[in-house]
1. Relative contact order for region 3-85 using alpha-carbon pairs under 8 Å, separation at least 6, rounded to a whole percent?
2. Given charges of +1 on the Cβ of Lys and Arg and -1 on the Cβ of Asp and Glu, with all other atoms neutral, how large is the dipole of region 3-85 about its Cα centre, in debye to the nearest 20?
3. Please check the chain for the longest run free of trypsin sites (Lys or Arg not before Pro) that are loop-located per DSSP (anything but H, G, I, E, B) and have at most 16 other Cβ atoms within 10 Å.
4. Go ahead and estimate [θ] at 222 nm for the chain from helices alone: -39,500 (n - 2.57) per DSSP H run with n ≥ 4, summed, over the residue count, rounded to 500.
5. Residue by residue through region 11-16, which ³J(HN,Hα) values in whole Hz follow from phi under the Karplus form 6.51 cos²θ - 1.76 cosθ + 1.60 (θ = phi - 60°), with glycine and proline marked x?
6. Mind listing the long-range amide H neighbours of residue 35? Cut-off is under 5 Å, sequence gap 5 or more, other chains count too, H placed in the peptide plane at 1.01 Å from N.
7. Please give me, ordered by residue number, the chymotrypsin sites (Phe, Trp or Tyr not before Pro) of region 15-56 that lie in loop per DSSP and have at most 13 other Cβ atoms within 10 Å.
8. From the list (i) 45; (ii) 77; (iii) 48, can you say which value of percent of Cα pairs over 18 Å apart was derived from the structure given?
Amino acid sequence: MTSNEKNNLALETLKFPVRYDNRQQTIWDAKDMMVCDIRGWGKIQFMNKSEARQDAIGELIANLLNKFHRNENSKIDEELFRMLAS
């Protein structure tokens, strides 16, 4: 499956916009389907502001998915989407 086919399959699966829930540390789509857990407590737990960092990463991923769906800055977002998917 090509990168574009994977992106299209992912976009077909989700209902936008997606949102990050900081209480559950999860990303949800507009139909309340859980998209993913944000789990990065490995090294993050030893960093300054660890909880804020975890939430910032969740918000960033949700924002990137929404921007990608809206095709804003598509070239940059496509590269970031590929990085997140790998």
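Since every read-out is calculated from the coordinates, none of them should be taken as a lab result. For clarity, every value in this text was computed on a predicted model and none was experimentally measured. Because the Cβ atoms are built from the backbone with ideal geometry, glycine has one as well, and the counts that use them run over all protein chains shown.
1. 24 percent
2. That gives a dipole near 180 debye.
3. 50-86
4. On the way: 4 runs with 48 residues, N = 86.
For the chain, the value works out to -17500 deg cm²/dmol.
5. The phi angles translate into 5, 5, 6, 8, 10, 9 Hz.
6. For residue 35, the qualifying residues are 27, 28, 29.
7. On the way: sites: 20, 28, 41, 46; in loops: 46.
Sites meeting the loop and neighbour criteria: 46.
8. Answer by label: (i).
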